[in-house]
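No lab work stands behind these numbers, since they all come straight from the coordinates. Here the structure is a predicted model, which is why all the values come from computation and not from measurement. Here the Cβ is made from the backbone with ideal geometry for all residues, glycine too, and neighbour counts use every protein chain on show.
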Amino acid sequence: MSAIDLAALVVIIVAFAAFVVLWSTVGRLRRTAAELEATADELRRRAEPLLADLEGTAADARAEVARVEQLLDAAEAITTGVESAQRFGYVAFRAPVLRFVAFVRGAGRALRRMVPGRRRHRPAPTPAGMATVGRSGRRAA
């Protein structure tokens, strides 16, 4: 056997070994691809009902958000109405209530003056420049 024959034999053995390695690798890749496809089908089969349910939940949430927005608008309108009514009530009833309170206080004073024996002691006004004597008997400056 010559050197060329030996080199050709080595090349053939190395090529056959590479072919076997590649063949087994391709087989493993095909099995892995089949498993991946089966896993993807399983995932799709499980996810479709969940996605449909999620879409229904999202639609319900949109409807609830619209309802809450309507409630907030209604609450804002009620608040505005109550504030307007409060301002109107304050302006409309302030003067009559103050007049009524003044009348009641005046009537109370008049009744106190009319009832004998219930007079308060009020010091008489003193002319300017004169000293006053307090209850203790001392002169006030």
Options P116, L43, L6, ranked by Cα towards positive dipole end of the stretch 1-125, top entry (Cβ charges): P116
Hydrodynamic radius of the stretch 3-115 per Kirkwood, over alpha carbon pairs, in Å: 24.5
